[in-house]
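One structure is given below, encoded as structure tokens.
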Amino acid sequence: MKIGILGLGGIGGFIGAPLAKHYKENSSEVEVVFICRGEIKTSIEAEGLKFTSGSKTEKIFPHLVSDDPKRIGKLDFLLVTTKSYSLVDAIKNYKECLANNSTIITLQNMVNAKELIESRTNTSFNILEGCIYVASNINSPGHVTHLGGPGKIFIGGKEKNKLYESFVSALVTAGVNIMFQKDIKPILWKKYLFVAPVAAVTTAYDVTFGELLENNSLQQILRNMMRELQKLALKKGITLTSNDIETSIDLLSKFPFQAKSSLQLDYENSNPGEKQYLVDYVIEVCKKEGIQCPVYNQTNKLIL
């Protein structure tokens, strides 16, 4: 089985590190390819992927580091861990690596990844959507630090078959906490219920996760945004309960006090951000569905 990790940032590094380490050292059954370019590629080729978790930093080499589709060859599975705005272009760039029986797995902070891919590419491969709960950031090109969060991965959206079972088993064997769910949409929306409003509030008000938890006024804004998102999900056939909202708010406490959302970090560093997928998408689809979202609109004005 050949597995490609496309995008060696916080998420790609978090998944790729244990996967590459285990199969490079213990088995030839799985080949792991890190697909990256520029400074990240140069750094990993020379020194391996530096992965820090807690007080421990490891240097990990996969079977191959490349940005050349011809060197990479055909992949059985391609985990796309790029930012949402790079998803479609990333797949197009490596379409040569995908056969009809290849499977793409998306791990972006969005609920419409499959629809987006199918509308903008000529798909002849399988698509599984997924999400991950983790705080993991880039320290420098080729150096990823796991800050916190459970690190749980959910993928699915199709009937489970032997190929998918083998993939999940391969990751579990390497120490990756992953689970397959046939009906993935409710799980994606529950993750989105957390990540989209939290990203908006932390960015708009420039607060860390811990500071947000200590501020009752901002918590109320967050809760109201989640209620607006709850109404949108219902329009899409997904039921999000009041308990789901409280669980999402409580999840903030599972991250370090100083943790920041990826959108917030991108704004601080003047990097392209995922606002289009975390904030604009909600406002646009609410408008289309006739749903009022005044708190989302007000928060959006503070980000602009």
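The values are calculated or read from the model by the stated rules, or taken from the named source; none is laboratory data. As the structure is a computational prediction, the values presented were derived from the model and not from experiment. In this analysis, Cβ positions are derived from the backbone assuming ideal geometry, glycine residues included, and neighbour counts consider all displayed protein chains. For the accessible areas, the whole protein counts, side chains as well, though only heavy atoms, and no ligand, DNA or RNA atoms are used. Shrake-Rupley method; radii C 1.70, N 1.55, O 1.52, S 1.80 Å.
Worth a mention:
- Shape call, the range 11-61: gyration tensor on alpha carbons, a/c limit 1.5: oblate
- For the range 76-186: relative contact order, % (alpha-carbon pairs under 8 angstrom, 6 or more apart): 20
- Orientation-averaged projected area, Cα convex hull of the range 159-304 (nm²): 10.2
- Anisotropy class of the range 133-241 from Cα gyration tensor, a/c 1.5 cut: oblate
- Förster radius 35 Å - calculated FRET efficiency between GLU268 and SER242, Cβ distance, rounded to 0.05: 0.60
- A Förster radius of 25 Å, combined with the Cβ-Cβ distance separating LYS287 from SER253, puts the computed FRET efficiency at roughly 0.15.
- Over 23 Å between alpha carbons, listed pairs LYS50/LYS185; LYS185/LYS275; LYS2/LYS260; LYS92/LYS191; LYS236/LYS287: LYS50/LYS185; LYS2/LYS260; LYS92/LYS191
- MRE, 222 nm, helices only [DSSP H, n ≥ 4, -39500 (n - 2.57), over the chain, to nearest 500]: -14000 deg cm²/dmol
- Cut-off 12 Å between beta-carbons: net charge of the residues surrounding LYS236, Lys and Arg +1, Asp and Glu -1: +2
- Per residue, the accessible area of the chain comes to 44 Å², computed with a 1.4 Å probe over protein heavy atoms only.
- At R0 = 22 Å, FRET efficiency that the Cβ-Cβ distance of GLU29 and ARG71 yields, to 0.05: 0.60
- Sparse-neighbour loop sites [trypsin sites (Lys or Arg not before Pro); the range 133-214; at most 13 other C-beta within 10 Å; DSSP]: LYS160, LYS182
- Separation of the SER140 and ASN122 label points, Cα + 7 Å toward Cβ, nm: 4.4
- Considering all C-alpha pairs of the range 197-260, those separated by over 15 Å amount to 50%.
- Between LYS56 and LEU163, the distance separating the two model label sites (each 7 Å from Cα on the Cα→Cβ line) works out to 3.5 nm.
- A simple count of charges around TRP189, restricted to other residues whose Cβ falls under 15 Å of its Cβ and scoring Lys, Arg +1 and Asp, Glu -1, yields +2.
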